[in-house]
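S.K.: Just dropping this structure here.
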Amino acid sequence: MIKRVGIVAKIRMESIAPHLREVAAWLDAHGIEPVFEADTAALASLELARRVESRDDLPNAVDLLLVFGGDGTLLAMADRVITAGRDLPVLGVNFGHLGFLTEINFPDLYPLLEAAIAGRAAVERRLMLCARVLRAGRAVAEHVALNDVVVTRGALSRIIELAVTVAGDFVARFNADGLIVASPTGSTAYNLSAGGPILHPAVDALVLTPIAPHTLSNRPVVIPASSPIQVTPVAHDPDQQIVLTLDGQQGLELSPGDAIEIVRHDTPLRLVKLPTQSYFDVLRQKLKWAER
């Protein structure tokens with residue numbers, strides 16, 4: 001039963017404001033309570049008193065989440081949904097540029113929203129990643145990501161060396177600018193730009209893609225999603241800066257001796273999809289895939 005719908009929009013995108021008020025009125029007319037994220041409520045300039053929550057608290061206050069903006073806005077909310085431990089459907093409406101994840105355009109919203117409220121909407125479960133920073137064998141930080149976990153050199157660092165194991169088996173030492181561990185959803189993001197393969201979202205796998213490897217034989221490799229991955233920087237220079245980035249949204253500098261463990265998260269993200277549009281339709285339309 002969907003009784004409350006959360007609404008969050010890209011920050012400072014004033015053009016969305018009238019659409020936000022229109023969606024709130026539509027939800028009111030259908031007996032559904034709209035719950036606004038705080039910055040989104042200010043953006044919409046709501047005249048009536050509305051329930052407002054922070055971005056972190058919004059997933060716990062609603063039964064369905066509407067995200068207005070681009071893929072970055074959806075990625076920023078995806079980790080909040082999973083961190084909150086919610087099996088919450090997310091509907092992304094594209095007001096950005098590419099809109100590969102937020103693939104739904106505004107004219108398609110109301111029929112899809114009505115289907116979601118009635119429990120008839122198509123929903124895809126997307127694999128999420130969990131990355132832990134290990135220091136002296138103990139986890140000192142933990143983050144989730146929908147697209148990718150990336151280990152890279154700092155802006156002034158030289159090539160870094162990364163020792164990688166999969167399910168306890170040694171894979172290789174990569175000498176490169178960094179390494180991408182991508183989910184199927186993230187295979188069309190940074191991974192694709194770095195020369196990695198496209199994985200269909202139904203494939204239960206991850207891909208390891210070196211970034212600008214020193215050796216051309218270091219090619220991307222696809223591995224089972226059930227296999228835990230450990231990435232250990234091999235530091236030769238005490239001043240070398242190595243950074244962990246998650247979905248391009250969060251980043252932290254690693255300390256010497258740190259390792260990163262990456263596993264499939266127990267909870268997938270539920271994305272509401274257009275039933276008339278296949279994954280390959282999106283590839284062709286958004287990425288111009290397979291076009292001459």
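S.K.: What number of residues in segment 51-91 are surrounded by fewer than 17 Cβ atoms within 10 Å (Cβ to Cβ), part of a loop (DSSP other than H, G, I, E, B) and not polar (S, T, N, Q)?
M.R.: Selection size over segment 51-91: 6.
S.K.: Another question, if that's okay. If you take the residues of segment 96-121 that are within 24 Å of His200 (Cα to Cα) and of a type in the set (A, V, I, L, M, F, W, C), which of them is surrounded by the fewest Cβ atoms within 10 Å (Cβ to Cβ)?
M.R.: Among residues in segment 96-121 that are within 24 Å of His200 (Cα to Cα) and of a type in the set (A, V, I, L, M, F, W, C), the one surrounded by the fewest Cβ atoms within 10 Å (Cβ to Cβ) is Leu98.
S.K.: Quick check on my filter: what residues within segment 165-187 are surrounded by fewer than 21 Cβ atoms within 10 Å (Cβ to Cβ) and outside any strand (DSSP E or B)?
M.R.: Within segment 165-187, Ala167, Gly168, Asp177 meet the criteria.
S.K.: Further question: Filter segment 203-214 down to residues that are of a type in the set (Gly, Ala, Ser) and modelled with pLDDT of 95 or more, then give me how many there are.
M.R.: 1
S.K.: Quick check on Asp63: is it without any contact (Cβ under 8 Å) to a residue 12 or more places away in the chain, over 15 Å from the mean Cα position of the chain (by Cα) and outside the structural domain of Leu192 (by TED's automatic domain parsing)?
M.R.: Here the answer is no, as Asp63 does not meet what is asked.
S.K.: If you check Ala116 against the conditions, is it in contact (Cβ under 8 Å) with a residue 12 or more places away in the chain, assigned to a helix (DSSP H, G or I) and of a type in the set (Gly, Ala, Ser)?
M.R.: The answer is yes for Ala116.
S.K.: Is it true that Leu162 is assigned by TED's automatic domain parsing to the domain that holds Leu283, assigned to a strand (DSSP E or B), in contact with a Leu (Cβ under 8 Å, 6 or more places away or on another chain) and among the aliphatic types (A, V, I, L, M)?
M.R.: no
S.K.: Here is a follow-up. From Gly248, Gly186, grab the single residue that is under 19 Å from the mean Cα position of the chain (by Cα), modelled with pLDDT under 95, within 26 Å of Gly70 (Cβ to Cβ) and of a type outside the set (S, T, N, Q).
M.R.: Selected residue: Gly248, the only one of Gly248, Gly186 that is under 19 Å from the mean Cα position of the chain (by Cα), modelled with pLDDT under 95, within 26 Å of Gly70 (Cβ to Cβ) and of a type outside the set (S, T, N, Q).
S.K.: Hey, among the residues in segment 16-39 that are β-branched (Val, Ile, Thr) and either in a helix (DSSP H, G or I) or closer than 16 Å to Leu112 by Cα (or both), which one's modelled with the lowest pLDDT?
M.R.: Ile16
S.K.: Step by step: first the residues of segment 1-15, then only those that are of a type in the set (A, V, I, L, M, F, W, C) and more than 27 Å from Gly119 (Cβ to Cβ), then the one that is surrounded by the most Cβ atoms within 10 Å (Cβ to Cβ). Which residue is that?
M.R.: Filtering segment 1-15 for residues that are of a type in the set (A, V, I, L, M, F, W, C) and more than 27 Å from Gly119 (Cβ to Cβ), the one surrounded by the most Cβ atoms within 10 Å (Cβ to Cβ) comes out as Met13.
S.K.: Something else now. Which one is surrounded by the most Cβ atoms within 10 Å (Cβ to Cβ), of the residues in segment 240-292 that are over 22 Å from Leu134 (Cα atoms) and of a type in the set (A, V, I, L, M)?
M.R.: Per the stated criteria, the residue is Leu269.
The values are calculated or read from the model by the stated rules, or taken from the named source; none is laboratory data. The model shown is predicted, which means the values in this text are computed figures rather than measured ones. Note: ideal-geometry Cβ built from the backbone for every residue, glycine included; neighbour counts use all protein chains shown.
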